[in-house]
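Colleague: Next up is a structure, given as structure tokens.
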Amino acid sequence: MAPLRYSINITLDGCVDHNAGMTDPELHQYSTDIIGRADTLLFGRVVYQMMEGAWRLPPGGEPREGMEGWTVPFARAIDAAPKYVVSSTLDSVDWNAELVRGDLGDAVRAIKEQSEKGVYTGGVTLPLALAEMGLIDEYEFVVHPRIAGHGPAPFAGLSHYLDLVPLGRKEFASGAVSVRFAPKR
């Protein structure tokens, strides 16, 4: 069974609002590499619609006018990746995507079984449900040297402690640090 990896940008005070983080070519390339380590993306509705609005390329695959050149590899990677979307409110999806229906745990286990390289997820609501079910195999927090002073925070409302063991870390020129963990089993 392929691993389900969770990755999120987060400020020092725990904010995961996508507008609160910092961005630069090095961090964008790192995010592109994260997507490249998976053959499937798993999103909740909010993240799916946010990513689609920001990164979906027009027919033909050329970058939209005004897109920074250093963001294009990320746009191409996420645009091309197969996606599963968990939503009780959407009736349909496109953008190389399929809706997840039925029991979430069974559906995610089936997605992990079909994957060869791994599954990537991000966001807040869906990862909380996945963590509750013990389905996330790796947690990555890209910690930005910024204090946001507001939320949202990941895993707020988790019903139990989740003990983790370190897997690795990477420092970036911006001062951001990626820290990776696996659940203690």
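The values are calculated or read from the model by the stated rules, or taken from the named source; none is laboratory data. Being a predicted model, the structure only gives us computed values, none of them experimental. Neighbour counts are summed over all protein chains in view; Cβ atoms, including those assigned to glycine, are modelled from backbone coordinates with ideal geometry. Calculation scope for accessible area: heavy atoms of the full protein, side chains included, ligands and nucleic acids excluded. Shrake-Rupley method; radii C 1.70, N 1.55, O 1.52, S 1.80 Å.
Colleague: Would you pick out the residues in segment 126-135 that are part of a loop (DSSP other than H, G, I, E, B) and either surrounded by fewer than 19 Cβ atoms within 10 Å (Cβ to Cβ) or within 12 Å of the chain's Cα centre (by Cα) (or both)? Steps first, please.
Modeller: Just the residues of segment 126-135 that are part of a loop (DSSP other than H, G, I, E, B), to begin with: 133-135.
Met133, Gly134, listed by residue number.
Colleague: Which one of Val86, Val100, Val93 is in contact with a Gly (Cβ under 7 Å, 6 or more places away or on another chain) and over 21 Å from Ala182 (Cα atoms)?
Modeller: Working: Val100 fails: in contact with a Gly (Cβ under 7 Å, 6 or more places away or on another chain); Val93 fails: in contact with a Gly (Cβ under 7 Å, 6 or more places away or on another chain).
Step by step, each of Val86, Val100, Val93 is checked, and only Val86 is in contact with a Gly (Cβ under 7 Å, 6 or more places away or on another chain) and over 21 Å from Ala182 (Cα atoms).
Yes/no matrix, rows are residues, columns are (1) touching an Asp or Glu at 6+ places or on another chain (Cβ under 9 Å); (2) surrounded by fewer than 19 Cβ atoms within 10 Å (Cβ to Cβ); (3) closer than 23 Å to Ala20 by Cα:
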position: Glu116; (1), (2), (3): yes, yes, no
position: Gly123; (1), (2), (3): no, no, yes
position: Tyr139; (1), (2), (3): no, no, yes
position: Pro145; (1), (2), (3): no, yes, yes
position: Gly149; (1), (2), (3): yes, yes, yes
position: Glu171; (1), (2), (3): no, yes, yes
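Colleague: Keeping to segment 92-126, report how many residues are in contact (Cβ under 8 Å) with a residue 60 or more places away in the chain, within 17 Å of Asp39 (Cα to Cα) and among the aliphatic types (A, V, I, L, M). Don't jump to the end; show me each part of the working.
Modeller: Pass one, segment 92-126, residues in contact (Cβ under 8 Å) with a residue 60 or more places away in the chain: 108-109, 111-126.
Those left that are additionally within 17 Å of Asp39 (Cα to Cα): 108-109, 111-122.
Now narrow it down to the ones that are among the aliphatic types (A, V, I, L, M): 108, 111, 119.
So the count comes out to 3.
Colleague: What residue, of Ala54, Ala38, is under 12 Å from the mean Cα position of the chain (by Cα) and either open to solvent by 30 Å² or more (accessible area, probe 1.4 Å) or over 18 Å from Arg169 (Cα atoms) (or both)?
Modeller: Of Ala54, Ala38, the one residue that is under 12 Å from the mean Cα position of the chain (by Cα) and either open to solvent by 30 Å² or more (accessible area, probe 1.4 Å) or over 18 Å from Arg169 (Cα atoms) (or both) is Ala38.
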